[in-house]
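Worksheet: one structure, shown below.
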Amino acid sequence: MTAAGRRGGRNRARKLVGMDTVDLARLQFALTAGAHFLFVALTLGLATLLAAVQTAATLSGKDVHLRMTRFWGQLYIINYAMGIVTGLVMEFQLGLSWSGLTNYAGDVFGSALAIETLVAFFVESTFLGLWIFGWNKLNRWAHLALIWVVTLTAYASAFWILVANGFLQNPVGHVVENGRLRLTDFGAMVANPAAQAAFWHVLVGGLIVGGFFMAGVSAYHLRRRTPEHEVFRKSLRIGVGVALPATFLNAVFGGISFQTLQPAKSAAWSGSASMLAEAQAEFAARFGPGDYLPDVGWVRTGGMVMIMLWLLMLMVAGPSFLLMFVKPAVYRFRLWHWVLTLMIPVPFLAMMGGWVFREMGRQPWVVYGLLRTSEAMSPVTGAQAALSLAAFATVFAVLIAVNTWLLARYARRGLGAVALGDRPIEAPVPVPSF
């Protein structure tokens, strides 16, 4: 073999190893970010429903609403705590696997992440701690205010995360200096249509997740004739009453989001050969020869999963909305109870389909039109990337399993297992003897 042939073989080998390494790093981020997203979706929806239930308890003074607050509050705390752990673990990836991204664009999208961490995350955690330990100690109105602050800061956290993600999807408000991005217009980044539409789409999606979760758990207890039937009758009606309108709204914001799609993602979704060729030609003219198109199969599969599961949720939520006003059906229609319980994972799967559609459609760019995914990676070997993937996948699998087990355990046990808001048992005061 000639020297030129050997060099060509080595170059092809290096390209193959580099491609494998990039794929491993992408798979790791997809698994960990997607897993964390599941916790976020339930947190957003359940926090809103919990705040609404506690508002009813505060205004009405009814014991049934107070018991509902304590039950759903305990499930919310379990999910929130595990979500924090997955979020912290996921953050390590930016430094471990994606130093090229942070070096190139960290000064821009990092500002949104910093606000999310310093303002939304710490404020949310602080007020949630006050809410947990403030039971029977704070004025009922002050205690109610705490859970609303928790809910609004959860919204704020999601907003700033999507501002950062929106910049990666549609980079605006920046200039390139010395090979790095510098933020010049913070307002443009915040008002980015790719971020604004996605925020409302995700927020309403969280309400669907929370609504079906509350309805499904309640249906489980009604099917089993749990003694606390009044708590779960009201909870089922709240869950279904939120899930149906949220499902319609989600389609509205999803339609708005489609108007912000990148040309290559639109081409991949439509499957039009002419649109794909046009998008490829545009990038090739700017950056030279190369493959600049996303994987059409992944984009279309993610989008179709999202849409088909949305239709399924609509088909269940519509009749359920009518049935929830029929008292005998609420208490005795066991087939309906089974359906609602089996629907609990469906909104999670729909959101994962949408996430795959959004993120895979941006490939092969990590910052669309500016930085390719292969250029954003840290200088790691294929073996290091594989080891990192195995470690992160194991940790997240354990966390998801633990969270699912805890939620299922305490959801099945009902109000008898609720410790949140218990009044402490006061020890008898000793009577002095004379």
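The values are calculated or read from the model by the stated rules, or taken from the named source; none is laboratory data. The structure displayed is predicted, hence computed values, not measured ones. Counting neighbours? That spans all protein chains shown, and the Cβs are built from the backbone with ideal geometry, glycine included. These area figures cover heavy atoms from the full protein model, side chains too; ligands, DNA and RNA do not enter into them. Shrake-Rupley method; radii C 1.70, N 1.55, O 1.52, S 1.80 Å.
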Candidate set: region 328-340, residues that are open to solvent by 80 Å² or more (accessible area, probe 1.4 Å) and touching a residue at least 24 places away in the same chain (Cβ under 8 Å); chosen: the one farthest from the chain's Cα centre (by Cα)
R334
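Given the structure, is G361 within 28 Å of A317 (Cβ to Cβ), modelled with pLDDT under 90 and surrounded by 19 or more Cβ atoms within 10 Å (Cβ to Cβ)? Outline the logic, then answer.
On the way: within 28 Å of A317 (Cβ to Cβ): yes; modelled with pLDDT under 90: yes; surrounded by 19 or more Cβ atoms within 10 Å (Cβ to Cβ): yes.
For G361, the condition - within 28 Å of A317 (Cβ to Cβ), modelled with pLDDT under 90 and surrounded by 19 or more Cβ atoms within 10 Å (Cβ to Cβ) - is met.
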Top-ranked residue of region 133-144 - restricted to ones that are hydrophobic (A, V, I, L, M, F, W, C) and open to solvent by less than 50 Å² (accessible area, probe 1.4 Å), ranked as nearest to L203 (Cα to Cα):
L144
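Can you confirm whether region 375-383 contains a residue that is charged (D, E, K, R) and outside any helix (DSSP H, G or I)? Outline the logic, then answer.
So in region 375-383, the residues charged (D, E, K, R) come out as 375.
If we keep only those that are outside any helix (DSSP H, G or I) as well, we get none.
Checked region 375-383: no residue is charged (D, E, K, R) and outside any helix (DSSP H, G or I).
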Check on L128, touching a residue at least 12 places away in the same chain (Cβ under 8 Å) and either assigned to a helix (DSSP H, G or I) or open to solvent by less than 40 Å² (accessible area, probe 1.4 Å) (or both):
yes
Does Y368 satisfy the criteria of being more than 30 Å from V85 (Cα to Cα), touching a residue at least 40 places away in the same chain (Cβ under 8 Å), hydroxyl-bearing (S, T, Y) and open to solvent by 20 Å² or more (accessible area, probe 1.4 Å)?
no
How do the pairs read when you match residues in region 249-264 that are in contact (Cβ under 8 Å) with a residue 12 or more places away in the chain with residues anywhere that are open to solvent by 70 Å² or more (accessible area, probe 1.4 Å), using Cβ under 6 Å and keeping only pairs 6 or more apart or on different chains?
F253/W200; T260/P193
Run W355 past the list (1) open to solvent by less than 30 Å² (accessible area, probe 1.4 Å); (2) modelled with pLDDT under 95; (3) under 24 Å from T247 (Cα atoms) and report the number of the one that doesn't hold.
(1)
Take the residues in region 55-93 that are in contact with a helix residue (DSSP H, G or I) (Cβ under 8 Å, 6 or more places away or on another chain) and hydroxyl-bearing (S, T, Y), then tell me which one is nearest to L138 (Cα to Cα).
T58
Where a residue in region 398-418 is in contact (Cβ under 8 Å) with a residue 24 or more places away in the chain and of a type in the set (S, T, N, Q) and its partner, wherever it lies, is in a helix (DSSP H, G or I) and open to solvent by 20 Å² or more (accessible area, probe 1.4 Å), with Cβ under 6 Å and at least six apart:
N403/M82
Can you find even one residue in region 56-64 that is within 23 Å of the chain's Cα centre (by Cα) and in a helix (DSSP H, G or I)?
no
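Search region 222-265 for residues being within 30 Å of E282 (Cα to Cα) and open to solvent by 30 Å² or more (accessible area, probe 1.4 Å), and hand back the single one that is nearest to the chain's Cα centre (by Cα).
At the first step, the residues of region 222-265 found to be within 30 Å of E282 (Cα to Cα) are 253-265.
Okay, now just the ones that are also open to solvent by 30 Å² or more (accessible area, probe 1.4 Å), so 253, 255-256, 258-261, 263.
Working: F253: 16, G255: 19, I256: 19, F258: 19, Q259: 22, T260: 20, L261: 20, P263: 25 Å.
Here the answer is F253.
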Taking region 266-319, which residues are among the polar types (S, T, N, Q) and open to solvent by 40 Å² or more (accessible area, probe 1.4 Å)?
S270, S274, Q280, T301
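Just to be sure, is L322 under 21 Å from L44 (Cβ atoms) and open to solvent by 70 Å² or more (accessible area, probe 1.4 Å)?
Numbers: under 21 Å from L44 (Cβ atoms): no; open to solvent by 70 Å² or more (accessible area, probe 1.4 Å): yes.
So L322 fails the test.
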Sole residue being part of a helix (DSSP H, G or I), in contact (Cβ under 8 Å) with a residue 24 or more places away in the chain and within 26 Å of G414 (Cβ to Cβ), chosen from I84, I115
I84
A careful count of residues in region 180-210 that are among the small types (G, A, S) and touching a Leu at 6+ places or on another chain (Cβ under 7 Å) gives 4
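Mind checking whether some residue in region 159-171 is in a helix (DSSP H, G or I), of a type in the set (F, W, Y), free of Cβ contacts under 8 Å to residues at least 60 places away in the same chain and farther than 19 Å from K265 by Cα?
First, pick out the residues of region 159-171 that are in a helix (DSSP H, G or I): 159-169.
With of a type in the set (F, W, Y) added as a condition, the list becomes 159-160, 167.
Subsequent filtering for residues that are free of Cβ contacts under 8 Å to residues at least 60 places away in the same chain retains 159-160.
In the following step, the residues that additionally are farther than 19 Å from K265 by Cα were identified as 159-160.
Scanning region 159-171, I find at least one residue that is in a helix (DSSP H, G or I), of a type in the set (F, W, Y), free of Cβ contacts under 8 Å to residues at least 60 places away in the same chain and farther than 19 Å from K265 by Cα, so the answer is yes.
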Matching residues, region 256-271, being more than 17 Å from D291 (Cα to Cα) and not in a helix (DSSP H, G or I)
Q259, T260, L261
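Go over the candidates L309, L293 one by one and state the one that is in contact (Cβ under 8 Å) with a residue 24 or more places away in the chain and in a loop (DSSP other than H, G, I, E, B). Can you show your working first?
Numbers: L309 fails: in a loop (DSSP other than H, G, I, E, B).
That would be L293, the only listed residue that is in contact (Cβ under 8 Å) with a residue 24 or more places away in the chain and in a loop (DSSP other than H, G, I, E, B).
Determine whether T153 is among the polar types (S, T, N, Q), at pLDDT 95 or above and part of a helix (DSSP H, G or I).
no
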Across region 372-388, the tally of residues that are crowded, with 17+ Cβ neighbours inside 10 Å, over 17 Å from M360 (Cα atoms) and without any contact (Cβ under 8 Å) to a residue 60 or more places away in the chain stands at 0
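Within region 90-107, is even one residue hydroxyl-bearing (S, T, Y), over 30 Å from G179 (Cα atoms) and part of a helix (DSSP H, G or I)? It would help to see each step written out before you state the result.
To start, the set of residues in region 90-107 that are hydroxyl-bearing (S, T, Y) comprises 97, 99, 102, 104.
Retained after the next criterion (residues that are over 30 Å from G179 (Cα atoms)): none.
Within region 90-107, none of the residues are hydroxyl-bearing (S, T, Y), over 30 Å from G179 (Cα atoms) and part of a helix (DSSP H, G or I).
Could you run through region 57-96 and say how many residues are aliphatic (A, V, I, L, M), over 30 Å from A391 (Cα atoms) and surrounded by fewer than 18 Cβ atoms within 10 Å (Cβ to Cβ)?
Count: 2.
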